[in-house]
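Asker: There's a structure below that I have some questions on.
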Amino acid sequence: NAKNMGRNTYCLFQAGMGDLVRQRRELEEDLHAAIEEGQFELFYQPRLDLNSGSIESYEALIRWNHPEKGLVSPVDFIPAAEGSGQIIPIGKWVIQTALATAADELPTARLSVNVSPVQFRDNDFVEDVRRAIEASGIPASRLELEITENLLIEDDARALSILTSLKAIGVKIALDDFGVGYSSLGYLSRFPFDTIKIDRSFVSDAGKNSNSLAIIETVVRLGKALNMRVVAEGIEDLETLNLLIRSGCNEIQGFLIGRPQPVRALGVDIPTSVEAALKAKGSPPTRE
Ligand code: C2E
Ligand code: MG
Ligand code: MG
Ligand code: MG
């Protein structure tokens, strides 16, 4: 009957919640060990500049070498690390490590690093970034921080003040995953972005969905008008590559160009098929 069903549902619900809480606690304990024992690693994914036809920057993407579970994806632990505040030490490590790699192993490349809104809430953030850049000895302009719109809706005034301080240091700022979430065109006029990254969902769809392609082309025009570079992420095949070349965006990123890899595995060459597509279309118009 209804009463029993209600009770059973309640019990199931309770058991489910207990599991989730336990899992989350375990994950946080594992993260604690990961921080202490240095189980994190950065992979680097190339960004191809369509104007020069060469790879001039890389996005740093964190990986966790879990002692039992193997390589764990950031989507499976970043939310927990944000919830527990562990993203603060992790994020610091990411910035320091990316900068050290830029200094020692990728001597001319620019590096982009993802930053969580929780890191922005930390009062020491700007100073930590400044110190990390100083310690690395590389120009601040070689570091780009990727933020998402979530950060802007939380505390608009504070976000603007932090972004302005970061820009004053010389760091570049990218708006990541543009077009999903609470995208607002107002953000583009209010915040000092250097780069807009079009979300992968539009890119992977561009060949089949003319609306997605129209959105990409419109963002490219918008970026040009606002003097921001436009990067498309998630290019997996030649058809999409050709659409993106024609769209006039500045840079592309995706498995077709290169997967995220440890720095020692990165090559300088781009795939022959990509090179041929770039040649066939000629140099796209200069955006700068
Ligand atoms: P994101 O910043 O948007 O990074 C792009 C994600 O798309 C990466 O996933 C990358 O591997 C994946 N990707 C790139 N090209 C392709 C493609 O052609 N096809 C497909 N299917 N995927 C592609 P990843 O490395 O799993 O990272 C996922 C998300 O985790 C990132 O999204 C970012 O939001 C977050 N993340 C990664 N590293 C960090 C970090 O160091 N700190 C913080 N706070 N977040 C991070
Ligand atoms: Mg990113
Ligand atoms: Mg993204
Ligand atoms: Mg993302």
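Asker: Only one of these is out of contact with any Cys (no Cβ under 6 Å at 6 or more places or on another chain), within 15 Å of ligand 2 (Cβ to nearest atom) and under 23 Å from Asp49 (Cβ atoms): Leu188, Leu175. Name it. Walk me through how you get there before you give the answer.
Answerer: Values: Leu188 fails: within 15 Å of ligand 2 (Cβ to nearest atom).
None of the others qualify; the one that does is Leu175.
Asker: Continuing with this model, one more query. Please work out if Leu241 is away from ligand 3 (no atom under 16 Å from the Cβ) and open to solvent by 10 Å² or more (accessible area, probe 1.4 Å). Write out each step before concluding.
Answerer: Values: away from ligand 3 (no atom under 16 Å from the Cβ): yes; open to solvent by 10 Å² or more (accessible area, probe 1.4 Å): no.
When the stated conditions are applied, Leu241 does not pass them.
Conditions (1) in contact with a His (Cβ under 6 Å, 6 or more places away or on another chain); (2) at pLDDT below 95; (3) in a strand (DSSP E or B), marked per residue:
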| residue | (1), (2), (3) |
| --- | --- |
| Ala232 | no, no, yes |
| Glu236 | no, no, no |
| Ile245 | no, no, no |
| Arg259 | no, no, no |
| Ile270 | no, yes, no |
| Ala277 | no, yes, no |
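Per-residue answers, yes or no, for (1) of a type in the set (Ser, Thr, Tyr); (2) within 16 Å of ligand 3 (Cβ to nearest atom); (3) free of Cβ contacts under 8 Å to residues at least 60 places away in the same chain; (4) under 17 Å from Lys172 (Cα atoms):
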| position | (1), (2), (3), (4) |
| --- | --- |
| Leu61 | no, yes, no, no |
| Trp93 | no, no, yes, no |
| Ala100 | no, no, yes, no |
| Phe125 | no, no, yes, yes |
| Ala135 | no, no, yes, no |
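Table: residues versus (1) modelled with pLDDT under 85; (2) part of a loop (DSSP other than H, G, I, E, B); (3) surrounded by fewer than 19 Cβ atoms within 10 Å (Cβ to Cβ).
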| position | (1), (2), (3) |
| --- | --- |
| Leu151 | yes, no, no |
| Ser165 | no, no, yes |
| Val180 | no, yes, yes |
| Ser183 | yes, yes, yes |
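Asker: If Arg22 meets every condition in (1) open to solvent by 40 Å² or more (accessible area, probe 1.4 Å); (2) touching a residue at least 40 places away in the same chain (Cβ under 8 Å) apart from one, which number is that one?
Answerer: (2)
Asker: Let me ask something else. Would you mind stating whether Glu251 is out of contact with any Cys (no Cβ under 7 Å at 6 or more places or on another chain), acidic (Asp, Glu) and at pLDDT 95 or above?
Answerer: yes
The values are calculated or read from the model by the stated rules, or taken from the named source; none is laboratory data. Because the structure is a prediction, the values reported are computed rather than measured. We place every Cβ from the backbone using ideal geometry, glycine too, and count neighbours over all the protein chains shown. Protein only, heavy atoms only, side chains kept; ligands, DNA and RNA dropped before computing areas. Shrake-Rupley method; radii C 1.70, N 1.55, O 1.52, S 1.80 Å.
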